[in-house]
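Everything below concerns the one structure shown next.
Every number in this text was worked out from the coordinates using simple rules, so none of it is lab data. Quick caveat: nothing in here was measured; it's all calculated off a predicted structure. Don't worry about glycine lacking a Cβ; one is built from the backbone with ideal geometry, like all the others, and counts go over all protein chains shown.
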Amino acid sequence: MTESDSKAPARRSYHHGNLVEDLIAATIRLIEERGVEAVSVREVAKQAGVSPGAPFRHFPTKTALLTAVAEQAISRLTQSVADALARAPAADPLAGLRAIGEGYLAWALANPTHFQVISSRTLIDFHGSERLTQENEALRELIAEFIADARIRAILRPDIEAEDLIYMARAFIYGTVRMWIDGHYPEWRITRPPEEAMRRTLDLFISLLRHP
């Protein structure tokens with residue numbers, strides 16, 4: 001028996017739901033250990049300790065497998081945003097907008113591998129997934145609602161167009177996380193802990209939107 005054989009996990013029998021969850025977890029571990037390039041359905045089966053053909057009943061391709069990881073990612077993001085919104089003042093739509101950003105940051109900090117997978121449209125079938133498209137659109141609509149409410153209440157700067165702000169908000173929060181994930185902090189002299197740096201920048205972003 002080789003060393004790799006001795007370290008291979010024992011094969012187990014699974015309930016349908018448990019197998020899917022374990023395959024997704026094994027995919028995350030494999031990406032964290034060896035990078036997304038190492039992912040294949042057979043390699044994930046090996047990581048999960050199941051027969052090489054077992055995953056193909058659920059995930060016939062690498063893209064299908066990574067799309068399932070992305071679906072788990074967006075579900076966690078949706079929950080993180082909901083948790084942050086539950087703590088935000090209901091009467092202040094810009095506080096609600098900030099809460100969406102806070103939920104996004106908390107999710108990305110806790111799930112960096114999920115963030116990397118769902119961010120790459122070359123790895124997943126985003127538009128082929130009902131969950132991804134619906135939950136992403138629900139988040140976009142929520143941002144639009146807060147912006148519209150802030151305009152009605154006259155607390156949003158009048159020179160800001162809603163479409164521009166939706167795009168800018170997405171670019172800002174995505175870029176903030178991407179800089180951390182890709183290791184850009186040192187050369188930009190960002191010395192604060194990532195969570196503190198991101199939240200301070202989020203506060204600054206929201207403050208610039210308020211009507212003087």
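Averaging 1/r over each pair of different alpha-carbon atoms in segment 109-212 and inverting the result gives 15.7 Å, the Kirkwood hydrodynamic radius.
Any chance you could give the angle, 0 to 90 degrees and rounded to 10, that helix 16-34 forms with the longest Cα principal axis of the chain? Once rounded, one gets 80 degrees.
Annotation: for a label point projected 7 angstrom from Cα along Cα→Cβ of ARG170, residues of segment 133-164 with backbone N closer than 19 Å are 133-149, 160-164. What does the charge add up to near ILE206, with Lys and Arg as +1, Asp and Glu as -1, over the other residues with Cβ less than 12 Å from its Cβ? Taking every other residue near ILE206 into account, the sum is +2. Using a Förster distance of 22 Å, how high is the FRET efficiency between SER120 and ILE190, based on the Cβ-Cβ distance and rounded to 0.05? In this case the efficiency is close to 0.40. Note on the chain: helix-only mean residue ellipticity at 222 nm, from DSSP H runs of 4+ residues weighted -39500 (n - 2.57) and normalised by residue number, equals -22000 deg cm²/dmol. Going by neighbour counts of Cβ atoms within 10 Å, the residues TYR174, TYR167 line up, fewest first, as TYR167, TYR174. Translational diffusion of segment 12-57, estimated by Stokes-Einstein from the Kirkwood radius over alpha carbon pairs at 4 °C in a medium of 1.567 mPa s, is 125 µm² per second. Listing VAL81, VAL44 from fewest to most neighbouring C-beta atoms within 10 Å gives VAL81, VAL44.
For the Cα atoms of the chain, what angle does the longest principal axis make with the long axis of helix 62-86, in degrees from 0 to 90, nearest 10? That works out to roughly 40 degrees. Candidate values (i) 16.6, 46; (ii) 20.3, 72; (iii) 17.9, 53 were compared with Rg and Dmax of the Cα atoms in Å computed on the shown model; the agreeing label is (ii). The angle separating the long axis of helix 130-152 from the principal Cα axis of greatest extent in the chain is about 10 degrees. Modelled spin labels at ALA25 and GLU145, positioned 7 Å past Cα toward Cβ, are 3.4 nm from each other.
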